[in-house]
Each structure stands twice: as structure tokens, then as C-alpha cells.
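Encoded as C-alpha cells, the structure appears first; notes follow it.
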Amino acid sequence: MVRTDVDAFLREIALRLRPRMDELVDRLVSSMREEVVWEHEDLTDLAVRSAQEHVDTVLRALEHGSDLAAVPAPQAAIGFARRLAECGGEITELLRSYRIGHATALTIVREEATRLTDDPTLRNEVADTLITGSFGYVDLASEQVVTAFQQARDSLLQRRLIVVNEASRLIGTRLDIARTAQELAEVGTAHLADFVTVDLLESVLGDEGPLPARGALAVRRVAQHSVLDGCPESLLPTGSTHSFAGDSGPAEALASGRPLCHRVTVGDVPAWLTPSEGQRRRLVDSGIHTMLLVPLRARGSPLGVAQLFRHRTAAPFDDGDLLLAQEIASRAAVYIDNARMYTQERATALALQRSLLPDLPHRGGAVETAARYLPSGTRAGVGGDWYDVIPLSGARTALVIGDVVGRGLYAAATMGRLRTAVRTLADIDLMPDELLTHLDDVVTRMQHEEGGDLDGISATCLYAVYDPVTGQCALASAGHPPPAVVPPAAEGRPAAPHFLDAPIGPPLGLGGLPFETARLDLAEGTLLALFTNGLVAGPGRDPGLGLTELLDVLRRTGSSPQDACDRLMTALLPSRPADDVALLLVRTHRLDAHHVGTLELPCTPSAVSRARSYTTGLLTAWNLDELAFSAELVVSELVTNAIRYGREPIRLRLILQSTLTCEVSDAAATAPRLRRARTFDEGGRGLFLVAQLAARWGTRYTRDGKVIWAELPLPHPPPSPSSPS
């Protein structure tokens with residue numbers, strides 16, 4: 001039937017095409033698939049609905065004689081454009097699909113017009129009308145879908161920016177590798193996946209684990225997180241080690257530095273995903289459909305891989321997901337690497353710090369000691385706090401506590417230098433104030449070595465010397481708080497701890513200012529608590545309150561120094577102290593009177609024979625007859641030196657402790673020097689003999705003169721002395 005009216009003819013075509021809508025939709029969808037590639041199932045559904053509404057809209061316009069150029073795009077087309085943007089599609093692909101769809105629709109209508117009429121004039125007029133109207137429809141629809149696409153893309157980018165900012169806020173809150181990896185897993189499950197695991201290379205963690213197979217990568221699962229009960233949360237427990245084969249997906253992702261997507265189907269579970277066949281089956285049964293492998297790299301080095309699994313949907317990860325995952329993973333990798341370097345630096349600093357501190361506990365005849373060192377909970381970690389217990393001549397013990405200003409490796413190294421200097425100065429038996437004066441010179445010299453920055457190095461130090469023979473303690477302070485003293489409990493009365501009232505000199509490094517030695521007598525069993533400021537002070541903490549709490553804890557402490565250390569650290573310190581802490585507890589003991597012998601000697605040659613006889617008799621009482629020959633020689637030489645070169649009063653003192661100490665004191669300030677006598681020299685051999693027989697020997701100066709001493713090793717085990725008659 002031939003019609004001359006174009007609108008009526010187009011209406012007739014529309015009515016004839018409507019029963020064939022499914023065919024028309026299939027042809028349009030097929031043409032779209034040639035230009036737009038998608039893997040999301042919901043995009044396929046949206047494409048079908050969009051094509052259906054396009055066909056229905058165009059046929060309805062033809063049936064009613066409406067102007068196609070004024071017909072807006074259907075809502076399904078707008079929805080498809082938005083979803084395509086969210087899935088990472090390109091706008092050029094969408095516009096090409098519209099052009100192909102337009103050409104396909106024109107072809108279908110022209111084919112139908114050819115079947116309905118042979119009139120070339122009518123066909124041409126219909127073609128002209130269709131071309132004009134359809135181009136207007138496509139232009140308007142394209143403009144609307146492009147606007148919707150761009151809005152969705154902008155919204156997506158804004159959401160991703162929000163996610164990235166949130167990830168920056170939530171990841172890396174602490175310099176802890178495991179915690180940072182766990183934060184990455186939690187952010188991944190919040191925005192990208194349902195189940196996330198993080199595996200780091202064993203070489204990155206720096207631990208010695210089982211060797212992997214040749215070409216494999218040894219890794220450890222450091223974190224995992226799931227948002228669904230149905231997800232397998234423990235295919236591998238956190239902390240377990242396993243290997244990735246050299247040709248596995250994670251190894252490929254690490255080598256290329258690019259994320260990889262992998263679809264999980266029955267019979268296609270990667271061997272590197274789980275260690276056993278049963279767990280692979282469990283993975284598939286749990287409903288996981290797709291996964292994304294994101295390498296973790298920082299500063300050009302591989303750290304590990306994050307695995308993201310989708311459980312609730314079969315939709316694969318699109319390009320936008322990959323970009324977002326890469327951005328989050330790259331930030332997390334930097335945080336993990338920072339935590340790794342911090343952990344290594346902290347471990348190095350701690351190892352240095354602890355290697356520079358003495359091995360305690362120490363229990364000798366003079367003192368019983370216990371000590372603790374605790375690094376700060378801040379990023380700086382270790383600092384310059386230190387303690388030391390140094391055995392001195394005459395059964396005495398030096399007690400040291402100090403604090404270098406600053407934290408980190410530099411402070412720890414400076415502390416090591418100062419501790420070495422203190423030990424060197426203590427070896428020449430200086431008085432506490434004299435030792436601190438020399439130590440102040442050392443710090444001043446170190447300041448100049450650092451480039452003239454006189455404020456670059458500063459430290460405090462407390463140096464004390466305890467003599468178990470007299471029970472006297474002499475100490476001096478360079479800017480350091482005085483120790484707490486806990487006298488032994490009297491009958492019916494508890495101990496009354498207090499802080500020693502002693503002068504405090506300036507901190508080390510100021511130079512030229514004097515120090516003062518204080519002396520106090522300590523009863524048997526007195527407890528001394530030497531500490532650094534970190535134990536009682538901190539941000540927002542009143543130092544006075546901290547000192548009061550310290551005394552309260554000491555008042556309730558009647559146990560050993562070891563237990564007292566633990567109680568003080570527990571009661572006074574938070575879990576993460578702001579400053580490092582050194583604590584040294586010392587319980588003093590008096591040397592039994594039967595272990596000390598003293599003889600006053602005149603400045604005459606006959607005194608030498610008297611000293612030998614006294615020494616022999618005392619050694620017999622101490623059951624040390626086998627030392628008599630060596631001790632007689634040493635005493636003879638020391639007394640002879642005092643008679644020839646010293647002044648009265650001259651005193652011989654023998655001390656039996658871990659060694660036999662022979663001391664001769666006089667009022668002269670001149671000290672003998674060891675020299676090698678030549679063949680025909682008449683003198684110079686006395687101190688050489690002393691040095692050969694003694695384990696140690698030396699000279700110490702007192703306010704009234706000097707003491708020359710020598711220590712002879714005891715038999716093993718040393719015999720128990722009897723009371724001298």
C-alpha cells in the first residue's frame with residue numbers, strides 16, 4: 001500500500017516494527033558491544049533496558065508524529081551512562097556506540113520502508129525526514145548522556161579522593177608494621193573488597209624463616225580482614241609463613257609493579273592462594289568470585305602484596321578500582337616502609353644502648369644491685385640514660401647514674417662515650433667531685449669537636465663510691481637528682497625513705513664550675529635508689545608528685561632489689577613513657593670485721609718485718625697460708641716504698657673479699673711509678689714484683705695522702721676464714 005503522506009507512512013512503519021522490538025533491541029545491543037566492552041553483569045542489563053527504551057521512544061515518536069529532534073534521552077540511557085562512568089568506561093566508547101546504533105536504526109527503518117513501497121520519491125522523503133529527526137535525537141541524547149557520564153565521573157573522582165584522604169588518615173597511625181598492614185586491610189574492605197590479606201616478604205621483615213623453594217618468594221601473612229561472616233578469615237593465620245612460586249600471580253605483580261585481576265571459579269583456584277586443596281575448595285564454596293593483586297612497593301623496592309577478594313558480587317575490579325587500590329597501596333607501602341626502617345633503627349639503637357650498659361644483677365660482698373632500662377614510647381626510642389656499677393680497690397664500689405640530653409642514636413652514642421670516660425676516670429680512683437670535674441672537661445671537649453656548638457651536648461651525672469669497710473658513701477652530683485635512701489627497718493618501726501640532702505652541682509658541659517662531695521654513713525641493708533628524670537617526670541606530670549609516689553613505693557618495698565625495680569617501674573611509668581628511664585637500686589652490706597685487718601706502722605725499717613709477721617698471722621687465721629709467700633713479698637715492697645718515700649702516719653690494711661687486697665697508706669702525695677730495672681740497677685724491681693704477683697695494683701689519692709694497693713687472687717673456692725685470736 002503506497003502512501004504519499006510521509007508522517008502517515010512513518011506511523012505505518014512504526015506499527016509494523018513494534019512487534020519486532022526484541023529483534024531491534026538485539027541488533028542495537030550487538031552494535032553497542034562492538035564498541036563498548038564491559039565485564040559487569042549489571043552493565044549488560046542496563047544496556048538491554050537502554051536499547052529497549054531507545055526503540056520504544058523512537059517508535060512512539062513516529063506513531064504520534066512527534067519531532068524526534070525534541071525527544072529527550074530515556075532514563076535507562078542516562079543510567080547506563082552513569083554506570084559506565086562508575087565502571088571506568090570511556091566517553092568516546094559511549095559516543096561511538098551511539099553512532100553505530102544510529103546507523104543500525106536507520107538501516108532497519110529504511111529496510112522496512114523498502115518493503116512497504118516502491119515509490120522512490122516517498123522513500124527519499126522518508127529518508128530525509130528520518131535523517132533530520134534522528135540526527136537531532138542522537139545529538140540531544142548524546143548531550144544528555146555525556147552530561148550524566150561526566151557528573152558520575154566527577155562524583156566518582158570526588159568519592160575516590162575522599163577515600164584516598166581517609167586512607168591517608170587511617171593508615172600509618174603508628175610506626176608499627178603489623179598495625180599499618182592491618183589498617184590497609186581494613187580500609188580495603190571498607191571501600192573495595194570483602195576480604196583483604198597482606199603478605200610481606202620475609203627479607204623485608206628481616207627475620208630468618210624457612211628457606212623457600214628455588215625461585216619462590218618467602219612471605220609472611222601480617223594482616224587480614226573480612227566484612228562478612230561467609231568470607232574465609234583464616235585461610236592462613238596471621239603471622240604464618242608461606243611461599244609464592246616464581247610464576248604465580250603475586251610474583252608477577254611484584255615483578256611488574258602493576259596490579260592484576262584474577263577471576264576465581266571452581267577448578268581454577270590459584271595454587272599460591274591457599275596451601276592445601278581443602279582450603280581451595282573452601283575458598284570456592286565461600287562464594288569468592290574475583291580478586292585483585294596489588295603489589296606493595298616503596299622507594300623502588302618490593303615489600304609484599306595485598307590481595308583483595310570480592311565475595312558479595314561477581315563484578316570484577318574495573319580500571320577505577322585498580323587506580324584506587326594502587327593509590328591506597330602505594331601510600332600504605334610508604335607507611336610500611338617507614339615503620340620497617342623505624343623498627344630497624346629502633347632495634348639498632350636499643351642494641352647499641354643495651355650493649356653499652358653493664359650486665360646486672362651484681363651481687364658482691366659490698367652491694368647487691370638491680371637495674372632497669374626502658375626506652376621511651378616515642379618515635380625517638382632510646383636516649384642517653386645510663387647506669388653503671390664499677391668495682392674499685394679496697395672492696396669499694398662506684399655507683400653511676402646519668403642522662404644525656406636528647407634521644408636517638410646520637411644520644412646513645414654520646415652516652416657510651418661518657419660511660420667509657422667515667423670508667424677510665426674511676427680506674428684512677430678519683431674523688432667524686434674530682435671525677436665530675438674531669439668529666440665536665442670531657443663534655444666541653446666533645447662540644448668543641450662537634451663544631452663549636454657549646455649547647456650541642458649536655459648531660460647530668462651522679463657518681464657515688466660506697467666503702468663496705470667503713471659503711472661510708474661519698475657522692476657528687478652534676479645536675480642530677482639525689483638518690484632516695486631507704487634505711488633498714490628498726491624494731492617495731494617501718495623504713496622511712498627520704499631523698500638525700502646533698503648539694504647538686506651544674507650539669508656537665510657548662511665548664512669551670514665546682515662540684516662538691518657529700519658523705520653519709522649507711523647502715524647494713526640500706527637501699528639506695530638512683531634514677532633518671534623519666535621515672536618521675538613527663539608531659540602533664542608533676543615531678544613533685546612523681547617523687548612522692550616513688551617514696552611511697554619504696555616505703556612498701558621490703559623485698560629484693562629485683563622485685564623493688566619491678567614494682568617501681570609498674571607503679572610509676574605509663575605503658576609508653578615520654579622519656580627513656582634508667583633505674584639502679586643498690587642494697588648495701590658491711591664487710592665483716594673478721595675480714596679486715598689494720599696495722600699502724602712507724603716510719604722505720606723495722607716496720608717491714610713487723611708488717612710481714614702481721615700478714616702471715618692474719619692469713620693463717622683466714623686459712624690462706626698458700627698465699628703467705630706472695631702476700632709477704634707484696635706487703636714488704638709496699639711498706640718499704642712508704643717508709644722510703646712517704647710520711648707518717650703509715651697504715652697497713654688487709655681486706656678479704658673476692659680477692660685479698662693489700663693496702664699501705666701514708667701522708668705523702670708522691671706516687672711510685674713502675675719501671676723496668678736494668679741489669680746493674682740497685683732499685684726499681686719492687687713494684688715490678690708487685691705487678692707480677694698481683695692481679696691488679698694501683699694508687700689512689702685521699703684528702704690526707706695516698707694509698708698504694710694490690711689485689712691477689714684467692715684459691716678457688718676461697719676458704720672460710722676463722723676469727724683471728
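Data for the structure
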| read-out | value |
| --- | --- |
| Residue check for A105: surrounded by 16 or more Cβ atoms within 10 Å (Cβ to Cβ) and in contact (Cβ under 8 Å) with a residue 12 or more places away in the chain | yes |
| Entirely in the stretch 91-208, the helices (runs of 4 or more DSSP H) that have 3 or more residues that are over 18 Å from I13 (Cβ atoms) and under 39 Å from the mean Cα position of the chain (by Cα) | 120-170, 177-191, 202-205 |
| Test: V37 is open to solvent by 30 Å² or more (accessible area, probe 1.4 Å), within 60 Å of the chain's Cα centre (by Cα), within 29 Å of R263 (Cα to Cα) and at pLDDT 75 or above | no |
| Filter result (open to solvent by less than 60 Å² (accessible area, probe 1.4 Å), within 29 Å of A185 (Cβ to Cβ) and of a type in the set (S, T, Y)) within the stretch 125-174 | S155, S168 |
| Complete set of residues in the stretch 364-386 that are surrounded by fewer than 21 Cβ atoms within 10 Å (Cβ to Cβ), modelled with pLDDT under 80 and touching a Lys or Arg at 6+ places or on another chain (Cβ under 9 Å) | S376, G377, T378, R379, A380 |
| Count of the stretch 548-565 residues which are open to solvent by 50 Å² or more (accessible area, probe 1.4 Å), in a helix (DSSP H, G or I) and either in contact (Cβ under 8 Å) with a residue 60 or more places away in the chain or touching a His at 6+ places or on another chain (Cβ under 9 Å) (or both) | 2 |
| Every residue from the stretch 177-188 that is within 22 Å of R159 (Cα to Cα) and either surrounded by 20 or more Cβ atoms within 10 Å (Cβ to Cβ) or in contact with a helix residue (DSSP H, G or I) (Cβ under 6 Å, 6 or more places away or on another chain) (or both) | E183, L184, A185, V187, G188 |
| Residue in the stretch 663-682 that is at pLDDT 90 or above, outside any loop (DSSP other than H, G, I, E, B) and hydroxyl-bearing (S, T, Y) present | yes |
| Per-region count, the stretch 394-432, residues in contact (Cβ under 8 Å) with a residue 24 or more places away in the chain, in a strand (DSSP E or B) and under 18 Å from L352 (Cα atoms) | 6 |
| Residue in the stretch 458-465 that is without any contact (Cβ under 8 Å) to a residue 60 or more places away in the chain and touching a Cys at 6+ places or on another chain (Cβ under 9 Å) present | no |
| Residue that is most open to solvent (accessible area, probe 1.4 Å), among those in the stretch 574-605 that are of a type in the set (A, V, I, L, M, F, W, C) and closer than 30 Å to W622 by Cβ | A593 |
| Matching residues in the stretch 55-72 - criterion: being in contact with a Ser or Thr (Cβ under 8 Å, 6 or more places away or on another chain) and either open to solvent by less than 10 Å² (accessible area, probe 1.4 Å) or assigned to a loop (DSSP other than H, G, I, E, B) (or both) | V71 |
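Per-residue answers, yes or no, for (1) within 30 Å of the chain's Cα centre (by Cα); (2) within 18 Å of I504 (Cβ to Cβ); (3) open to solvent by less than 70 Å² (accessible area, probe 1.4 Å); (4) among the aliphatic types (A, V, I, L, M):
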residue	(1), (2), (3), (4)
G408	yes, no, yes, no
L436	no, yes, yes, yes
D441	no, no, no, no
T444	no, no, yes, no
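The values are calculated or read from the model by the stated rules, or taken from the named source; none is laboratory data. If you're wondering where the values come from, they're calculated on a predicted model, not measured in any experiment. Backbone-built Cβ (ideal geometry, glycine too); neighbour counts: all protein chains shown. Protein only, heavy atoms only, side chains kept; ligands, DNA and RNA dropped before computing areas. Shrake-Rupley method; radii C 1.70, N 1.55, O 1.52, S 1.80 Å.
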